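Quick notes on the structure that follows.
Since every read-out is calculated from the coordinates, none of them should be taken as a lab result. Since the model is a prediction, treat every value here as computed from it, not as a measurement. Cβ coordinates were reconstructed from backbone atoms using ideal geometry, including for glycine residues, and neighbour counts include every protein chain displayed.
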Amino acid sequence: MPSESLRAFIHALPKVELHVHLVGSAGIETVLALARRHREAGVPTGRAELERFFTFRDFDHFLRVYWAVQSMLKDRHDIRTLVTGLAAELARQNVRYAEVTVTPYNHILDGMPGDELLAGLAEGRAAAAERGVELAWCFDIPGEKGVRAGRETVVFAVRERPEGLVGFGLGGPEVGVGRAQFEPFFTAAREAGLHSVPHAGETTGPATIWSAVHDLGAARIGHGTSCTADPALLDYLAGQRIPLEVCPTSNVRTRQVGSIAAHPVRRMLDHGLVVTLNTDDPPMFGATLEGEYLAVATTLGLQPPELARLAKNAVHSSFLDTAGKSALLAEIDSITRGDTAAVPRNGVQAE
């Protein structure tokens, strides 16, 4: 059983989340609000029934819940509800900054006007800032929808370029969805100043990660758990200091690994990789960012200085500006030294 002092230390750390999907972040309160607003979607409107609906059973069930939430997002008010729900949960866990993955193509395909999506994101981001949580966006391609989705996503991202947009990603299934076909869109995004943050190596092998690096110019890798199967790739990622957005509970719940104890995060750390801890689709997998730190700490026997290093990894790997990073890093050092007064909670802005 983890000690209360360990829990308190993890909570006190100012944390950064780099891999969380907006639709997948919808918790019970948020989904209740959406379900009562859009009863035609058929999502349970009673708490007990909704909690049963949300209880993870298998990956197919996760997809059903995910798409049920997606189906209730009609306009800016729904997007704002989603963003403010995520911000409230991040604030509760002392998460100061998050780069949130948004898939514009899916929303627009479902009939939401692009300006409604952007307005909802802007309104939600402003409300989050009032809670002391700074949000940035990563617009990603739903890979299963092919090159058309890639083209339309990068055009939308570069043309609209909303405040806080820092990354360009690639999500969806990996099997049968080669990374290289999306190279022109990532090149355009990088030329426009966006950072490349594709998913790779979650459900496929090291070749997908190599492709993400060489074809897509990845600045970070989403998941990347299969890297441990290739010693040369481990050496490359460590040498190039390419961060990995590791989501342990997600990997266990989707049965990519058998348990936290069996997760390759230990080998990644031992090999000197830049590991960051993240939640992916937190309520749907029963995850929290504090819980990820706690699970890794108790399973791997990590001490507070090592947990602080993980928190610093996330700060360094983020796309915050220099001043924002410096403020968070100073506060992490202050907490690690046991200075409960710490550094004032300054706002941080994305580059």
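Brief remarks follow.
- DSSP-defined beta bridges in the chain - what % are antiparallel, rounded to 5: 5
- Protection proxy ranking, highest mean first, for peptides 108-117, 147-156: 147-156, 108-117, where packing is the per-residue count of other beta-carbon atoms within 10 Å, averaged.
- Pairwise centroid distance, computed over Cα atoms, of the stretch 260-314 with the stretch 154-211, Å: 24
- Structure-based [θ]222 nm, the chain - -39500 (n - 2.57) summed over DSSP H runs of at least 4, per residue, nearest 500: -15500 deg cm²/dmol
- Gyration tensor verdict on the chain (Cα atoms; rounded if a/c is under 1.5, prolate if a/b is larger than b/c, oblate otherwise): rounded
- Packing-based order for 282-293, 300-311, using average beta carbon neighbours within 10 Å, highest first: 282-293, 300-311
- Local net charge near Gly150, Cβ-Cβ under 14 Å (Lys/Arg +1, Asp/Glu -1): 0
- Note on Lys15: lysines with a C-alpha under 28 Å away, same-chain residues under 8 apart excluded, are Lys312, Lys325.
- For peptides 175-183, 243-251, sequence by mean Cβ density within 10 Å, most packed first: 243-251, 175-183
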